[in-house]
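Enquirer: Handing you this structure, nothing more for now.
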Amino acid sequence: MNLSRSTLDLWVGTFVAIGLGAILFLALKVGNLVSFGSVPGYRIEARFDNIGGLKVRAPAKAAGVVVGRVERIRLDPATYQAVVTIKIDHGFQFTTDTIASILTSGLLGEVYIGLDAGGDAKMLPDGGTLAKTQSAVILEKLIGQFLVDKAASGGGK
Amino acid sequence: MFSAVATGFTDALRRLGNGSIAAIRRLGYASLFGVAVVRETPAAFARLNLTLREIYFSGVLSLIIILVSGLFVGMVLALQGYDVLQRYGADESLGVLVALSLVRELGPVVAGLLFASRAGSAITAEIGLMKATEQLSAMEMMAVDPLARVVAPRFWGGVISMPLLAALFSMMGVFGAYLVGVRLIDIDPGAFWGNMKAAVDFRFDIVNGIIKSIVFGMAVSMIAVFEGFDAKPTAEGVSSATTRTVVESSLAILALDFVLTVFMFRGLGV
């Protein structure tokens, strides 16, 4: 196979260029390179009695807009509460009376943290803790509650 | 009677021992060969012309098969995925399903398998034939190191080509899924791309996929050059070496994929 150096260079150059282009396409169009890691931010903590199916990297949303991600989940051995560390993107500020609730988008959708800002004038600092939280709704508990209520009202008849 | 059984038993043991020693010796030889090839890395990049030529042969010439297979794999994945997802009313997650399976697994693995059969076998056959026609010995006579001149450029050509081919495979797969999902089945394009973007993470999914494809490229290229270099210098020897390259590379890719997946995606909470 006799290829001249310039033809070879052209082919290999084209190949490498479209290969790198494919990686770029995956990073920007398929993945979330723009919205991950490089964004500076600060961390806040929230304590929940039950986090349900919340996972690390789950989004934190305010009014449906993604403002940060769950960075760490651990259990406080003293209170048996789940301590969730949320990294909020730089540029978003939340009041100290913000309510954090664990929600699900749709019946089968992803679990995320919803942040509802309050009316307080003070803003949460880096490392601050959210005072008001609302735990995840556990379907089994709801059904159990419903059955107990039903039995109680049925027994009263 | 008793002595015949004893002789048969010792013979079997002897054959087992012989086979084990040969296998271990070959493994040791392959490791030394691998170290020697990696040590010739500067030679491969000093004479860039040779490595470019190998990127052309293993990369550019594999483009067609990679692009076409990627497109079809993506389209089939979209059809089958849609069939299951729509039962749960989750058909808008089709983009997520296709993108994650391609970027994490199918891109590197299927591109690696295609690369092994398209480029790996060619490398083995070429080096094996060079050995059979005593071109390698001739080089040594002229004080040219065949490892630097023949083997190292082929190894690095494969290692450089493989991640690019895997990325192209994934990209074509996503494009194929877009054609089937959005154009044919009529899923909302906003949901298709938006859900995909929200679920595919650059560091965990895409970078891990690229690491996988680099590891597979190294494994396939090393197996291909070693089998060619180690081939018996006969027509039969070259043919069986080529077969061994394809079989060993495919097994190596699948086994390495399992090991890498365990380390990359375990404990991620997904």
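Enquirer: For residue A:71, which sequence-distant residues (separation of 5 or more, or a different chain) have an amide H within less than 5 Å of its own amide H, given hydrogens modelled in the peptide plane?
Expert: The answer is A:57, A:85, A:86, A:87.
Enquirer: So, in Å, what gap is there between the alpha-carbon centers of the stretch A:42-65 and the stretch B:70-147?
Expert: First find each Cα centre; the distance between them is then 39 Å.
Enquirer: Same structure again: Return the long-range amide H neighbours of residue A:130 (sequence gap of 5 or more, or a different chain), with a cut-off of under 5 Å between placed amide H atoms.
Expert: HN-HN under 5 Å from residue A:130: A:45, A:46, A:47.
Enquirer: Hey, what D do you get for the protein assembly as shown in µm²/s if you plug the Kirkwood alpha-carbon radius into Stokes-Einstein at 4 °C and 1.567 mPa s?
Expert: D = 51 µm²/s.
Enquirer: Would you kindly derive the ³J(HN,Hα) couplings of the stretch B:26-35 from the backbone phi angles with the Karplus curve 6.51 cos²θ - 1.76 cosθ + 1.60 (θ = phi - 60°), listing them in order in whole Hz, with x for Gly and Pro?
Expert: With coefficients 6.51, -1.76 and 1.60, one gets 5, 4, x, 4, 4, 5, 4, 4, x, 4 Hz.
Enquirer: Could you order the peptides B:197-206, B:230-239, B:98-107 from most to least packed, using the average number of other C-beta atoms within 10 Å per residue?
Expert: B:98-107, B:197-206, B:230-239
Enquirer: Net charge near residue A:50: determine it from the other residues with C-beta under 15 Å of the C-beta of residue A:50, scoring Lys and Arg +1 and Asp and Glu -1.
Expert: +1
Enquirer: Under unit Cβ charges (Lys, Arg +1; Asp, Glu -1), what dipole magnitude, rounded to 20 debye, does the protein assembly as shown have relative to its Cα centre?
Expert: Roughly 440 debye for the protein assembly as shown.
Enquirer: Go through the stretch A:126-142 residue by residue and turn each phi into a ³J(HN,Hα) via Karplus (6.51, -1.76, 1.60, θ = phi - 60°); whole Hz please, and just put x for glycine and proline.
Expert: 4, x, x, 10, 6, 7, 9, 9, 10, 6, 5, 8, 9, 4, 4, 5, 4
Enquirer: How much net charge surrounds residue B:218 when only the other residues with a Cβ under 14 Å from the Cβ of residue B:218 are counted, with Lys and Arg +1 and Asp and Glu -1?
Expert: 0
Enquirer: So for B:178, A:80, B:29, fewest C-beta neighbours within 10 Å to most, what's the order?
Expert: Ascending number of Cβ neighbours within 10 Å: A:80, B:29, B:178.
Enquirer: Based on the Cα atoms of chain A, what semi-axes does the equivalent ellipsoid have, where each is the square root of 5 times one gyration tensor eigenvalue, given in whole Å with the largest first?
Expert: Gyration-tensor ellipsoid for chain A: 47, 23, 13 Å.
Enquirer: May I ask you to sort A:66, B:37 by Cβ crowding, counting other Cβ atoms within 10 Å and putting the fewest first?
Expert: Final ranking by Cβ density, sparse to dense: A:66, B:37.
Enquirer: Write down, largest first, the equivalent ellipsoid semi-axes of the stretch B:1-71 in whole Å, where each equals the square root of 5 times an eigenvalue of the alpha-carbon gyration tensor.
Expert: 48, 21, 7
Enquirer: Note the direction-averaged projected area, equal to a quarter of the hull surface, for the Cα convex hull of chain B, in nm².
Expert: Hull-based average projected area comes out at 20.7 nm².
Enquirer: Expressed as a rounded percentage, what relative contact order does chain B have, with Cα pairs under 8 Å and six or more residues apart?
Expert: 30
Enquirer: Let me ask another. Can you tell me, using C-alpha contacts under 8 Å and at least 6 residues apart, the relative contact order of the stretch B:9-144 as a whole percent?
Expert: Here the relative contact order equals 21 percent.
Enquirer: Continuing with this model, one more query. Per DSSP helix of 4 or more residues, -39500 (n - 2.57); summed, then divided by the residues of chain B. What does that give at 222 nm, rounded to the nearest 500?
Expert: Helix contribution divided over all residues of chain B: -25500 deg cm²/dmol.
Enquirer: From the backbone phi of the stretch B:253-264, what are the Karplus-calculated ³J(HN,Hα) couplings (6.51 cos²θ - 1.76 cosθ + 1.60, θ = phi - 60°) in whole Hz, Gly and Pro given as x?
Expert: So the Karplus estimates, Gly and Pro as x, are 4, 5, 5, 4, 4, 4, 4, 5, 4, 4, 6, 7 Hz.
Enquirer: Using the basic label-point model (7 angstrom from Cα toward the beta carbon), what is the residue B:261 to residue B:13 distance in nanometres?
Expert: Going from the residue B:261 label point to the residue B:13 one covers 4.3 nm.
Enquirer: A further question follows. How crowded by other chains is B:243-255, given as the mean number of beta carbons from other chains within 10 Å of each beta carbon?
Expert: Taking the mean over all residues of the peptide, I get 0.
Enquirer: Between the stretch B:18-60 and the stretch B:153-220, what is the separation of their alpha carbon centroids in Å?
Expert: The distance from the Cα centre of the stretch B:18-60 to that of the stretch B:153-220 comes to 28 Å.
Enquirer: I've got another one for you. How would B:27, B:251, B:147 line up from fewest to most surrounding beta-carbon atoms within 10 angstrom?
Expert: So the residues, fewest neighbours to most, are B:27, B:251, B:147.
Enquirer: Quick one: helix B:208-230 against the long Cα principal axis of chain B, what's the angle to the nearest 10°, folded into 0 to 90?
Expert: Relative to chain B, helix B:208-230 is tipped by roughly 20 degrees.
Enquirer: Could you state, as a whole-number percent, how many of the C-alpha pairs of the stretch A:72-146 are farther apart than 20 Å?
Expert: 42
Enquirer: Scan around residue A:31 for amide H atoms under 5 Å from its own, H built in the peptide plane at 1.01 Å from N, and keep only partners 5 or more places away or cross-chain.
Expert: none
Enquirer: Right, something else. Using only Cα atoms, tell me the angle between helix B:63-85 and the longest principal axis of chain B; keep it within 0 to 90° and round to the nearest 10.
Expert: 50
Read the figures in this text as sums done on the coordinates, not as results from a lab. The shown structure was predicted, so the numbers you read here are calculated from the model rather than taken from an experiment. Every residue, glycine as well, gets a Cβ built from its backbone with ideal geometry; the counts of neighbours run over all protein chains shown.
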